Structure formats: structure tokens, C-alpha cells
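Below: the structure, in C-alpha cells.
The values are calculated or read from the model by the stated rules, or taken from the named source; none is laboratory data. Note that this is a predicted model, so its numbers are computed, not measured. For neighbour counting, all protein chains shown are included, and Cβ atoms are generated from backbone atoms with ideal geometry for every residue, glycine included. When the accessible area is computed, the model is the full protein with side chains, heavy atoms only, and any ligands, DNA or RNA have been set aside. Shrake-Rupley method; radii C 1.70, N 1.55, O 1.52, S 1.80 Å.
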Amino acid sequence: MSGPWIVALMALWVLLTVVGVGLLGLIRVWGAGSPPPEVDPVSSLTRLRIGDRPAGFEAVSIAGEPTNRDSLRGGCRTVLISQVGCPPCRRILDDIAATRPAALGGHLLVVVDDARSVLPEHRRSGATFLVDRAGSVARAFGVHGAPIAFLLDDGEVAKILVPTGLHDVLALSRERPLGDTSRTAV
């Protein structure tokens, strides 16, 4: 190989190195080096926001009591929406079965999508259970994932929580909506 060929190959090698390093820099900026976008767990599970009211729905509790959007008015109420096949939901339901009725205070409405997930222990817990096979209650709350809990004040969403256990649901039900000094949830 003569001198001009060696110079040309070295120039090509330098050019490819510069282009390669530049491409790696672009890849880092466009993908691997940039942080993943933040995902809000609440917005990924419901379209309702604080201050919204759920859409109209009608359902019957396991005890045979009619329940609708208007029955959620008057005071504070916690609504927990759960699904069969959801491990966190199962844990929360198991915790409800093991809880004394007084701890739930009658202010907890649990929405399930399969009546078989409600055991006799759940019925004695003091919580109200709705079976939402058709998904009308979940749609009324804009829910597309579970578990999710809503604190309602006079039928209006005051707080939204993605619970990890019953302790989260009970803490939510004990909270007062902002500015409310007259009522407690439990």
C-alpha cells in the first residue's frame, strides 16, 4: 500500500469515529440517557378529578339495598373499586374480612366485579358491597384499573387514592375534605 491509500484510510477511520460518537450522543439524548416520563398512578386508573361527581349509576348491594349516585350524597363516604384477579385487591378484601365492623364505620362502599369474591366474613365487616358485573359503577367513576379509592364529600370527589392495603383505605376514610371542619368520614 502506498502513502495516499494509507492517508485515505486513516481519514475514513477518523470520519467514521466522529460520526459514531455523534450518533451515540444523539441516542443518549433521545432515549437511554433521558429519564422516563413520570406516570401519575391516579390518572392512569381514572378520569375523575377532585371536585367531579361520578356519572349516574344504579346497582344493588349484596344485601339487596338499591344504590345509586344520589345515595352517595350527604356526608363523607369512601368508595373502593376492586377487581377479581388483582392481587392488591385480594389483599384488601382479605383485610376487610379480618377487620372489626366498628373500624369500617359503615362508610365504606366496596365495588367488586364478581359476587364470589365476597365472603360471609366480608358481609359481617360493616362495609357495603356492590357487585358490578356489567361495569356500570366503574364507568360512572371513570375507572379503568384497580384498586382505586375515592373519598366523596356530599357525592363529590374530595380525594383519590391508589391503595396498597386496607390501612390506606381506612386512613382515607378518616380524612376530612379540605375546608370541612364539620364532618368526619368515620
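Descriptive notes on the structure:
- Scanning region 65-94 for residues being open to solvent by 70 Å² or more (accessible area, probe 1.4 Å) and either modelled with pLDDT of 85 or more or more than 22 Å from the chain's Cα centre (by Cα) (or both) gives a total of 10.
- Ala158 surrounded by 14 or more Cβ atoms within 10 Å (Cβ to Cβ), under 24 Å from Gly51 (Cβ atoms) and touching a helix residue (DSSP H, G or I) at 6+ places or on another chain (Cβ under 7 Å): no
- Taking each residue of region 64-79 that is touching a residue at least 60 places away in the same chain (Cβ under 8 Å) and looking for partners that are basic (Lys, Arg) and open to solvent by 60 Å² or more (accessible area, probe 1.4 Å) with beta-carbon atoms closer than 8 Å, six or more apart or interchain, yields Arg69/Arg53; Gly75/Arg183; Cys76/Arg176; Cys76/Arg183.
- Cross-chain or 6+ apart pairs with Cβ under 7 Å, region 161-176 first and under 16 Å from Pro87 (Cα atoms), then part of a helix (DSSP H, G or I) and open to solvent by 10 Å² or more (accessible area, probe 1.4 Å): Thr164/Pro88; Gly165/Arg91; Gly165/Asp95; Leu166/Asp95
- Within region 130-144, the set of residues being open to solvent by 10 Å² or more (accessible area, probe 1.4 Å) and touching a residue at least 12 places away in the same chain (Cβ under 8 Å) comprises Val131, Asp132, Arg133, Gly135, Ser136, Ala138, Arg139, Val143, His144.
- Residue check, Ala59 touching a His at 6+ places or on another chain (Cβ under 6 Å), of a type in the set (A, V, I, L, M) and farther than 16 Å from Val157 by Cα: no
- The set of residues in region 51-64 being over 20 Å from the mean Cα position of the chain (by Cα) and either part of a helix (DSSP H, G or I) or closer than 27 Å to His167 by Cβ (or both) consists of Ala59, Ser61, Ile62, Ala63.
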